[in-house]
1. By how many nm would the segment from residue 40 to residue 3 lengthen if fully extended, with 0.36 nm per residue of separation less the alpha-carbon distance?
2. I need the phi-derived Karplus couplings for the stretch 40-51: 6.51 cos²θ - 1.76 cosθ + 1.60, θ = phi - 60°, integer Hz, Gly and Pro marked x.
3. Find out how many positive minus negative residues lie around residue 46, taking Lys and Arg as positive, Asp and Glu as negative, among other residues whose Cβ is under 14 Å from that of residue 46.
4. What length, rounded to one decimal in nm, is gained on full extension from residue 64 through to residue 87, with 0.36 nm per residue of separation minus their alpha-carbon distance?
5. Of the listed values [x] 16.7; [y] 18.6; [z] 14.2, identify the label whose number matches Kirkwood radius over Cα pairs in Å calculated from this model.
6. Using θ = phi - 60° and the Karplus curve 6.51 cos²θ - 1.76 cosθ + 1.60, what whole-Hz ³J(HN,Hα) does each residue of the stretch 54-70 get, with Gly and Pro shown as x?
7. Set the Förster distance to 25 Å, then compute FRET efficiency between residue 106 and residue 22 from the Cβ-Cβ distance, nearest 0.05.
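Read-outs: derived from the displayed coordinates by stated rules, not from any lab. Since we're looking at a predicted model, the values are computed, not measured. So basically every Cβ, Gly included, is an ideal-geometry build from the backbone, and we count neighbours across all protein chains shown.
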Amino acid sequence: MPLTGYQLQYKRRMKKALALRAKADRRARHLVARLITALTQGETAADHIGRINTLYGTGMSLRTDLVDGYRLAGTAAALDQIATASLGGAPDAVFVNLPVDAGDAMFPPNADLD
């Protein structure tokens, strides 16, 4: 049985929305990886500054407020845990069989959804 206009509209809009969700997920993974790398570099810099402070008897602060805030919040570990837990990807996209009795009345065009 051929799909109604209502059902086709749903499939087209959902396919577009799922592609947008996948793109956002890819970007988020990329940005999380970059942030974790930056925070790791901040810890390396803090270690170097600490060693230099010890060698020369100085008291330069080990971290900036920004990196220290992320460190205290456990951000790198939390982000890594979330990214690792979500490696399975998005849940399967199963298209719903919309009822035919809804008629063939399509929703009006929508700039965001179409």
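1. Result for the pair: 8.0 nm of gain on full extension.
2. Each residue's phi maps through the Karplus curve to give 5, 5, x, 5, 5, 4, 4, 4, 5, 5, x, 5 Hz.
3. Its environment carries a net charge of -1.
4. 5.1 nm
5. So the structure-derived entry is [y].
6. 5, 4, 9, x, 9, x, 5, 5, 6, 9, 7, 4, 5, 5, 5, x, 5
7. Taking R0 as 25 Å, the efficiency between residue 106 and residue 22 is 0.50.
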